[in-house]
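Just so you know, all these numbers are worked out from the coordinates, no wet-lab data involved. None of the values given here were measured: they were computed from a predicted structure. Because the Cβ atoms are built from the backbone with ideal geometry, glycine has one as well, and the counts that use them run over all protein chains shown.
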Amino acid sequence: MSDHAADAGALPPAPEPVEPPWAQPSGVRITGVRTILTAPAGTTLVVVRVDTSEPGLYGLGCATFTQRAAAVATAVDEYLAPQLIGRDPADITDIASTLHVSGYWRSGPVLNNALSGVDMALWDIKGKQAGLPVWQLLGGRCRTAVPLYAHAAGRDPQEVTDEVLALMAEGYRHVRCQVAVPGAGTYGAPAAAAAAGAHRPLTADAWDPAAYRRTVRGLFAHLREHVGPEVELIHDVHERVHPTDAVRIAADLEPYDLFYLEDPVAPEDIEWLRILRGRSVTPIAIGELFTNPAEYRPVVQERLCDFIRVHVSAIGGITPAWRLANACELFGVRTAWHGPGDVSPIGHAANLALDMAAPNFGIQEQHLFGAAAREVFPGCPEIRDGHLWPSDRPGLGVDLDERLAAKYPPRPAALPGQAWKPPRRADGALQRP
């Protein structure tokens, strides 16, 4: 064999090893990660701050799981922070993927909220580096402002009706309506006096599914008669009934043309959505308690809901939520991110960014921030005329005044029964929340 032939069959020399981008020392690097806990409205909020090697460049993210705030803070400060020091904050996707599997076991509200705080902070940094709001980074605006739904509640249908009419006068066209059940505990409404001759339960303020079902049917009949068809009405079952009752409630409410019925079944009973879909055309919103793609993927793929309603920080932040929104668009499912008071203004700004950029946006839950929260979090999203209005501030557009935040220390750890009263049926048995 000739020397030329031998050379032709030889392997080329191995390339010199190249360090991956995240191992290279040049460029902007993460220099610090820490949690800040504050409670300006009496609810403990968890914020993650990510600092960088560029002076004045930092990001803020919401990691609020108020029922387990200290556990989230520990997960961030002791387990995630050491893995982030020295990383390039621009590598959001790789960081999210790496941290998600870094503990081997994954998902769950504690870990996901910890991941969310980091993820949102990195998006905040990227927006500041680009000089653009996060909604611009996601593809730009799909709407001028974000329609909100407000909350109306009362001791009887007339009180609820009065609240709905008042909200309509303020510019709201979507209202969630909850009413008290006489003599029984309920969700999202003040207590009502027991009806004459009512059966005496073994436990005070007992949850009565049958009375609830009758009361809700009467509420929406009264509402449609007095507020007309122009306003979109919402009701939250809050998973507090047996799935067979959920099917009956969805059918009962069909004549009243709801915008959607929220959380009719618990995540453990999700298979019942197939039956519910076959018995009613009432639109369904679900997902507030989902923390894993295995929970929401089949619901979207099988079109078992009309609105996906996950808590953005509970699934890991903007990165997974944006992927979920894109997947939902393919199946005709709209977004309706959870937006209660135990989400910081930073978390609400993340919801706003997703809402602005998603073609399949449906509705956004409203929360009104008090004066203390607005002082602690300069740049709180603005609400006018029943809408959430975006700003052009870079990143998420919300800052944190740590000096003021320290004046509102986190509340002591609250256990069920302290943070809320666990509902119980008339015989004393526990009912899911």
Long-range tail of P(r) for region 233-329 (Cα pairs > 22 Å, %): 24 percent
Loop only by DSSP, 16 or fewer other Cβ within 10 Å of the Cβ. Give me the trypsin sites (Lys or Arg not before Pro) in region 258-352 that pass, ordered by residue number. Arg303
At 10 °C in a medium of viscosity 1.306 mPa s, region 288-393 has a Stokes-Einstein diffusion coefficient, with Rh taken as the Kirkwood radius over alpha carbon pairs, in µm² per second, of 111 µm²/s
Checking the a/c ratio against 1.5 first, then a/b against b/c, what shape does the Cα gyration tensor give for region 20-143? oblate
How high is the relative contact order of the chain, in percent, counting Cα pairs under 8 Å that sit 6 or more residues apart? 20 percent
Using the beta-carbon distance between Ala90 and Arg279 and R0 = 35 Å, what value does 1/(1 + (r/R0)^6) give for FRET efficiency, to the nearest 0.05? 0.10
For the chain, percent of DSSP beta bridges that are antiparallel (nearest 5) comes out at 50 percent
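How about region 49-136: which chymotrypsin sites (Phe, Trp or Tyr not before Pro) there lie in a loop by DSSP and see at most 10 other Cβ atoms within 10 Å?
On the way: sites: Tyr58, Phe65, Tyr79, Tyr104, Trp105, Trp123, Trp135; in loops: Phe65, Tyr104, Trp105.
Filter output for region 49-136: Tyr104, Trp105.
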Which of the peptides 40-51, 107-118 is most tightly packed, and how do the rest follow, judged by the mean count of other Cβ atoms within 10 Å per residue? 107-118, 40-51
Distance in nm between Thr74 and Ser102 label points, each 7 Å along Cα→Cβ, equals 1.7 nm
What is the angle, in °, between the Cα long axis of helix 318-330 and the longest principal axis of the Cα atoms in the chain? Nearest 10 is fine, range 0 to 90. 70 degrees
Among Gly317, Gly287, Val181, flag the residue with its Cα farthest along the positive direction of the charge dipole of the chain, charges on Cβ as +1 for Lys/Arg and -1 for Asp/Glu. Val181
Assuming a viscosity of 0.692 mPa s and a temperature of 37 °C, what translational diffusion coefficient in µm² per second does Stokes-Einstein assign to region 252-300, Rh being the Kirkwood radius over Cα pairs? 284 µm²/s
For region 316-433, what is the relative contact order in percent, using Cα pairs closer than 8 Å and at least 6 residues apart in sequence? 20 percent
Calculate how steeply helix 157-169 sits against the longest principal axis of the alpha-carbon atoms of the chain, using the helix alpha-carbon long axis, and give the answer as 0 to 90 degrees to the nearest 10. 50 degrees
Please grab the % of Cα pairs in the chain that end up more than 42 Å from each other. 19 percent
Find how many whole Å separate the alpha carbon centroid of region 370-413 from the alpha carbon centroid of region 30-68. 12 Å
Between Ala184 and residues 5 or more places away or on another chain, which pairs have amide H atoms under 5 Å apart, with H built 1.01 Å from N, and which residues are they? Ala192
Region 336-395: C-alpha gyration tensor shape, a/c 1.5 cut-off, then a/b vs b/c: prolate
222 nm mean residue ellipticity, helices alone, for the chain (DSSP H n ≥ 4; -39,500 (n - 2.57); rounded to 500): -10000 deg cm²/dmol
What angle do you read, to the nearest 10 degrees and between 0 and 90, between the alpha-carbon axis of helix 243-252 and the longest principal axis of the chain? 70 degrees
